[in-house]
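J.: Next up is a structure, given as structure tokens.
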Amino acid sequence: MLTELSGQIERITYTNEDNGFTIAKVRIHGQLDLVTVVGNLLAPTPGEILHMRGEWTNHPKFGEQFKVIQYRTKVPATVYGIEKYLGSGLIKGLGPVMAKRIVAKFGQKTLEVIEDEIARLAEVEGIGKKRLALIAQAWDAQKEIREVMLFLQSHDVSCGYATKIFKAYGQGAIAVVRENPYRLATDILGIGFVTADRIAEKLGFARDSRMRVEAGILYVLHQLADEGHVYYPYEPLIAKGCEILGVDREVVVQALGPLAFARQIVIEDLNDDLEAFAENHKAVYLVKFHRCETGIAKRLKALQSAPKSIRAIDAARALDWIQRQLAIVLAENQLKAIRGAIENKILVITGGPGTGKTTIIHAVLQIFSRLKVKIMLAAPTGRAAKRMSEATEHDARTIHRLLEYSLQKGGFQRNQDRPLECDLLIIDEASMIDTVLMHHLLKAVPRMATLILVGDVNQLPSVGAGNVLNDMIASGRVPVVALQEIFRQARTSRIIVSAHQINSGRVPRLDASDDADRDSDFYFIEQEDPDKALEIILELTQRRIPRRFGFDPVDDIQVLTPMHKGVVGAGNLNRELQAVLNPGEGGIARGERTYRVNDKVMQIRNNYDKEVFNGDMGRILAVHPDDQEVLIAFDDRHVVYDFSELDEIVLAYAVSVHKSQGSEYPAVVIPLLTQHYILLQRNLIYTAVTRGRRLVVMVGSRKALAIGVKNNKTQQRFTRLRYRLGRL
């Protein structure tokens, strides 16, 4: 039996912008205590009046709650409610302070004034022409999208997504959604197939409708690309499609043809040997990945076969000269790498920490600089590019900046029609480059230029789809120099020695506590209980490491974790670390996260407008509730974020090991527990350890470390680049 309840939202305890699930405190008229209300609410705003139908439930931990099944809202009538409503962030240009002033001026007539006589807001101190225009624009936008939002609310779409839908389609949003809700999955950032499918179901679309199945196949392929696959085998793809869509095999099979005809997918036969012919032995690609993979192979072939723009020199004399210049005797493999750079059009140099990669780059730069050739240096991330600049004393840029990416101009401005102006291009951290980025990079490399890729193939593969550096090496068609010798100076570092032991499948020497070796840079603190491990990590970060080593707990120490969830997952670690490293009230709440001034944050998707990219780390300089803006410093750049853009930012006191690729930190703390067993792999642990420049502290279970070090069975990524290169 449903119960009816009416009240005013006092505060929002939690709201999930993805699905609208909200926990709110509501004041019921005539009652002293606030009521906890839970349910899917559209843009819940403090001060709003809720008329609800639902049922009372008893939560085992949080007690009595009212579960909302249906509801409607209306704007508040009391002065107090209006003030909370306007100051909640609903309208850009109005924060709590300005809302208080407006309500003090106009009282219960405030909303009427904003609706009918908005120019009168200029009578309020602090509201000039600019702020008045912002308020008027935001108020009108709220009215315009109300119909759209109410329609979408009935189909379980959150406020944040409803706003994006309205911006994309305008007043035609309802018509678009009714005609083809699956367009949302491709047109609107953040709305995936699952949300679009839920809307479609409510609109009456059949489970086996062609529109649904085609969209579902594309969704599955995108999900698989997020897991690193460039293509997926035909039969396993059909099986996944049937499982996710809940339809028969034949329905999925029949949808593949129209998708291929529409050039949304490419189906490639893998039967190279007719004697070993197998039915449906095919690869299914999203068209973008097929174009990029074939493009990489074609352009590498063209690059290798073209003459060099750099004049030929005597390699033996150059090697003698550079050793005198550097006043060192280079190892055999280092000499081989430098000779390879002189003699080849394309060269891959791979090796772990302490094997001399930086020395080789430095030597190559000196030799080619003497020849007066045009040299460019780049790396996939800002931090890697900055580190490359510092190590070589040459300018290095991110690949995106090198290729002059511009969203307004339609993408990368450097390409085959406007190639890079260089004779030599050196790319560091090349293991991070995925299939799409490598395709765009090679399009811009002049055919007569020399390309040198430097990286560590034993690290985790790229976050994006593909395994480009590994495939290039495995093809046997690109010259490769593998550096394995650890040099004398590096052998004094237990970080480097331990990393190489891990990479070779051996568990490194572990100290029982961090008091075992006062001069060490690598420690293992044994603790198998996740809650106690968390306490140790907080103590290490806040007090013990700063006290002993002098590192700043925020700027210098980075916690790296294998997982996002769990007690020592990135999510919980960030909440706990923020509480001890940057406590306080205020800031801006977004879902489960609160952002405060001085918080350490990370960008989690490429934003080409702001020139901030996935993995870039910054610090919050200011939070402006009235303007609904946050100012963030990324190195020497200050970037403004609207509150609505904060889904691109996460706290970064702790980050996943995958997100740390391309970065180095003065000190890293790594939780490693058996609860991480799904992700315990050798290359993950190796990558985590090699992120620490001066100090690495592991906290966890010896068993978990042993499991990870012994597990060298990394997940296979389906790519055809190795095969395509092998046929060059």
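J.: Pick from segment 699-720 the residues that are among the basic types (Lys, Arg) and out of contact with any strand residue (DSSP E or B) (no Cβ under 7 Å at 6 or more places or on another chain): which of them is most open to solvent (accessible area, probe 1.4 Å)?
T.: Restricting attention to segment 699-720, the residues satisfying the condition of being among the basic types (Lys, Arg) are 702-703, 710, 713, 717, 720.
Subsequent filtering for residues that are out of contact with any strand residue (DSSP E or B) (no Cβ under 7 Å at 6 or more places or on another chain) retains 703, 710, 713, 717.
On the way: Lys703: 134, Lys710: 132, Lys713: 173, Arg717: 47 Å².
The qualifying residue most open to solvent (accessible area, probe 1.4 Å) is Lys713.
J.: Read through the list (1) crowded, with 17+ Cβ neighbours inside 10 Å; (2) within 30 Å of Leu646 (Cα to Cα), then give the number of the only condition that Ala255 fails.
T.: (2)
J.: Find the helices (runs of 4 or more DSSP H) located wholly in segment 71-138 whose residues include 3 or more that are under 42 Å from the mean Cα position of the chain (by Cα), free of Cβ contacts under 8 Å to residues at least 60 places away in the same chain and closer than 27 Å to Val38 by Cα, and list them. Steps first, please.
T.: On the way: elements: 79-86, 96-106, 110-116.
It comes to 79-86.
J.: Now a separate question. Restrict the check to segment 368-378 and report whether at least one residue is assigned to a loop (DSSP other than H, G, I, E, B) and touching a residue at least 60 places away in the same chain (Cβ under 8 Å).
T.: Just the residues of segment 368-378 that are assigned to a loop (DSSP other than H, G, I, E, B), to begin with: 371-374.
When the remaining residues are screened for being touching a residue at least 60 places away in the same chain (Cβ under 8 Å), the result is 371, 373.
Yes, segment 368-378 contains at least one residue that is assigned to a loop (DSSP other than H, G, I, E, B) and touching a residue at least 60 places away in the same chain (Cβ under 8 Å).
J.: Kindly provide the set of residues from segment 601-647 that are part of a strand (DSSP E or B), open to solvent by less than 60 Å² (accessible area, probe 1.4 Å) and under 30 Å from Ala99 (Cα atoms), ordered by number. Step through it out loud before you land on a result.
T.: Pass one, segment 601-647, residues part of a strand (DSSP E or B): 601-603, 607, 612, 617-624, 629-634, 637-642.
Narrowing further to those that are open to solvent by less than 60 Å² (accessible area, probe 1.4 Å): 601-603, 607, 612, 617-618, 620, 622-623, 629-634, 639, 641-642.
Answer for segment 601-647, where residues must be part of a strand (DSSP E or B), open to solvent by less than 60 Å² (accessible area, probe 1.4 Å) and under 30 Å from Ala99 (Cα atoms): Val601, Ile620, Ala622, Val623, Glu629, Val630, Leu631, Ile632, Ala633, Val639, Tyr641, Asp642.
J.: May I ask you to verify whether Ile322 is farther than 24 Å from Arg722 by Cα and open to solvent by less than 10 Å² (accessible area, probe 1.4 Å)? Steps first, answer last, please.
T.: Working: farther than 24 Å from Arg722 by Cα: yes; open to solvent by less than 10 Å² (accessible area, probe 1.4 Å): yes.
In short, yes.
J.: Taking the residues in segment 32-67 that are assigned to a loop (DSSP other than H, G, I, E, B) and without any contact (Cβ under 8 Å) to a residue 24 or more places away in the chain as candidates, determine which candidate is surrounded by the most Cβ atoms within 10 Å (Cβ to Cβ). I'd like the intermediate steps shown before the answer.
T.: Applying the first criterion (assigned to a loop (DSSP other than H, G, I, E, B)) to segment 32-67 yields 32-34, 41-48, 60-62.
Restricting the remaining residues to those that are without any contact (Cβ under 8 Å) to a residue 24 or more places away in the chain gives 32-33, 60-61.
Values: Leu32: 6, Asp33: 8, Pro60: 5, Lys61: 4.
In this case the residue turns out to be Asp33.
J.: Would you confirm whether or not segment 721-728 contains a residue that is open to solvent by 50 Å² or more (accessible area, probe 1.4 Å), over 22 Å from Gln542 (Cβ atoms), in contact with a Gly (Cβ under 8 Å, 6 or more places away or on another chain) and not in a helix (DSSP H, G or I)?
T.: Pass one, segment 721-728, residues open to solvent by 50 Å² or more (accessible area, probe 1.4 Å): 722-723, 727-728.
If we keep only those that are over 22 Å from Gln542 (Cβ atoms) as well, we get 722-723, 727-728.
Filter again for in contact with a Gly (Cβ under 8 Å, 6 or more places away or on another chain), leaving none.
Checked segment 721-728: no residue is open to solvent by 50 Å² or more (accessible area, probe 1.4 Å), over 22 Å from Gln542 (Cβ atoms), in contact with a Gly (Cβ under 8 Å, 6 or more places away or on another chain) and not in a helix (DSSP H, G or I).
J.: Would you confirm, using the coordinates I've provided, whether His222 is open to solvent by 70 Å² or more (accessible area, probe 1.4 Å), touching a Leu at 6+ places or on another chain (Cβ under 9 Å) and within 30 Å of Ser431 (Cβ to Cβ)? First the steps, then the outcome.
T.: Working: open to solvent by 70 Å² or more (accessible area, probe 1.4 Å): yes; touching a Leu at 6+ places or on another chain (Cβ under 9 Å): yes; within 30 Å of Ser431 (Cβ to Cβ): yes.
Judged against the criteria, His222 is a match.
J.: Scan segment 683-720 residue by residue and report those that are within 20 Å of Ser660 (Cβ to Cβ), touching a Leu at 6+ places or on another chain (Cβ under 7 Å) and in a loop (DSSP other than H, G, I, E, B).
T.: Arg691, Asn711
Per-residue answers, yes or no, for (1) part of a helix (DSSP H, G or I); (2) touching a residue at least 60 places away in the same chain (Cβ under 8 Å); (3) basic (Lys, Arg); (4) farther than 26 Å from Gly662 by Cβ:
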residue: Ala318; (1), (2), (3), (4): yes, no, no, yes
residue: Gln334; (1), (2), (3), (4): yes, yes, no, no
residue: Ile338; (1), (2), (3), (4): yes, no, no, no
residue: Pro353; (1), (2), (3), (4): no, yes, no, no
residue: Thr358; (1), (2), (3), (4): yes, no, no, no
residue: Ala363; (1), (2), (3), (4): yes, no, no, no
residue: Gln366; (1), (2), (3), (4): yes, no, no, no
residue: Ser389; (1), (2), (3), (4): yes, no, no, no
residue: Arg414; (1), (2), (3), (4): no, no, yes, no
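J.: Is it true that some residue in segment 403-412 is in a loop (DSSP other than H, G, I, E, B), open to solvent by less than 30 Å² (accessible area, probe 1.4 Å) and either among the aromatic types (Phe, Trp, Tyr) or in contact with a Gly (Cβ under 7 Å, 6 or more places away or on another chain) (or both)? Give the derivation first.
T.: Initial filter on segment 403-412 (in a loop (DSSP other than H, G, I, E, B)): 403-404, 407-410.
Those still in the list that are open to solvent by less than 30 Å² (accessible area, probe 1.4 Å) too: 403.
Narrowing the set further to residues that are either among the aromatic types (Phe, Trp, Tyr) or in contact with a Gly (Cβ under 7 Å, 6 or more places away or on another chain) (or both) leaves none.
Taking every residue of segment 403-412 in turn, none turns out to be in a loop (DSSP other than H, G, I, E, B), open to solvent by less than 30 Å² (accessible area, probe 1.4 Å) and either among the aromatic types (Phe, Trp, Tyr) or in contact with a Gly (Cβ under 7 Å, 6 or more places away or on another chain) (or both).
J.: For segment 334-350, check the following and say yes or no: at least one residue is open to solvent by 30 Å² or more (accessible area, probe 1.4 Å) and under 30 Å from Val612 (Cα atoms).
T.: Taking segment 334-350 as the starting set, the residues that turn out to be open to solvent by 30 Å² or more (accessible area, probe 1.4 Å) are 335-336, 339, 343-344.
Still in the running and under 30 Å from Val612 (Cα atoms): none.
No, because not a single residue in segment 334-350 is open to solvent by 30 Å² or more (accessible area, probe 1.4 Å) and under 30 Å from Val612 (Cα atoms).
J.: Here's something else I'd like to know. Here's a check for you: in segment 545-561, which residue that is within 15 Å of Gly692 (Cα to Cα) and assigned to a loop (DSSP other than H, G, I, E, B) is farthest from the chain's Cα centre (by Cα)?
T.: Checking each candidate, the answer is Phe551.
J.: Right, another one. For Leu672, state whether it is aliphatic (A, V, I, L, M), open to solvent by 10 Å² or more (accessible area, probe 1.4 Å) and touching a residue at least 40 places away in the same chain (Cβ under 8 Å).
T.: Working: aliphatic (A, V, I, L, M): yes; open to solvent by 10 Å² or more (accessible area, probe 1.4 Å): no; touching a residue at least 40 places away in the same chain (Cβ under 8 Å): yes.
Spelling it out, it is not the case that Leu672 is aliphatic (A, V, I, L, M), open to solvent by 10 Å² or more (accessible area, probe 1.4 Å) and touching a residue at least 40 places away in the same chain (Cβ under 8 Å).
J.: Right, next: Got at least one residue in segment 450-457 being of a type outside the set (A, V, I, L, M) and open to solvent by 40 Å² or more (accessible area, probe 1.4 Å)?
T.: From segment 450-457, those of a type outside the set (A, V, I, L, M) are 450, 455-456; that's our starting set.
Retained after the next criterion (residues that are open to solvent by 40 Å² or more (accessible area, probe 1.4 Å)): none.
No: segment 450-457 contains no residue that is of a type outside the set (A, V, I, L, M) and open to solvent by 40 Å² or more (accessible area, probe 1.4 Å).
J.: Next up: I'd like the full set of residues that are farther than 14 Å from Ala589 by Cβ, at pLDDT 85 or above and open to solvent by 50 Å² or more (accessible area, probe 1.4 Å), limited to segment 4-24.
T.: Glu4, Ser6
J.: In segment 462-479, what count of residues is obtained for those that are open to solvent by less than 30 Å² (accessible area, probe 1.4 Å) and either out of contact with any Phe, Trp or Tyr (no Cβ under 9 Å at 6 or more places or on another chain) or of a type in the set (Asp, Glu) (or both)? Please lay out each step first, then the result.
T.: If we filter segment 462-479 for residues that are open to solvent by less than 30 Å² (accessible area, probe 1.4 Å), which is where we start, we get 462, 464-466, 468-469, 471-472, 475, 478.
Subsequent filtering for residues that are either out of contact with any Phe, Trp or Tyr (no Cβ under 9 Å at 6 or more places or on another chain) or of a type in the set (Asp, Glu) (or both) retains 462, 464, 468-469, 471-472, 478.
Of the residues in segment 462-479, 7 are open to solvent by less than 30 Å² (accessible area, probe 1.4 Å) and either out of contact with any Phe, Trp or Tyr (no Cβ under 9 Å at 6 or more places or on another chain) or of a type in the set (Asp, Glu) (or both).
J.: Let me ask something else about it. For segment 129-147, state whether one or more residues are open to solvent by less than 20 Å² (accessible area, probe 1.4 Å), more than 20 Å from Glu112 (Cα to Cα) and modelled with pLDDT under 80.
T.: The answer is no, given that none of the residues of segment 129-147 is open to solvent by less than 20 Å² (accessible area, probe 1.4 Å), more than 20 Å from Glu112 (Cα to Cα) and modelled with pLDDT under 80.
J.: Pick out the one residue from Phe193, Phe205 that is modelled with pLDDT of 80 or more and surrounded by 20 or more Cβ atoms within 10 Å (Cβ to Cβ). Spell out the reasoning first.
T.: Numbers: Phe205 fails: surrounded by 20 or more Cβ atoms within 10 Å (Cβ to Cβ).
From the options Phe193, Phe205, the qualifying one is Phe193.
The values are calculated or read from the model by the stated rules, or taken from the named source; none is laboratory data. Here the structure is a predicted model, which means the values were calculated and not measured. Ideal geometry is used to build each Cβ from the backbone, glycine not excepted, and the neighbour counts take in all protein chains shown. Ligands, DNA and RNA are stripped out before the accessible areas are found, and what is left, the full protein with its side chains, is counted by its heavy atoms. Shrake-Rupley method; radii C 1.70, N 1.55, O 1.52, S 1.80 Å.
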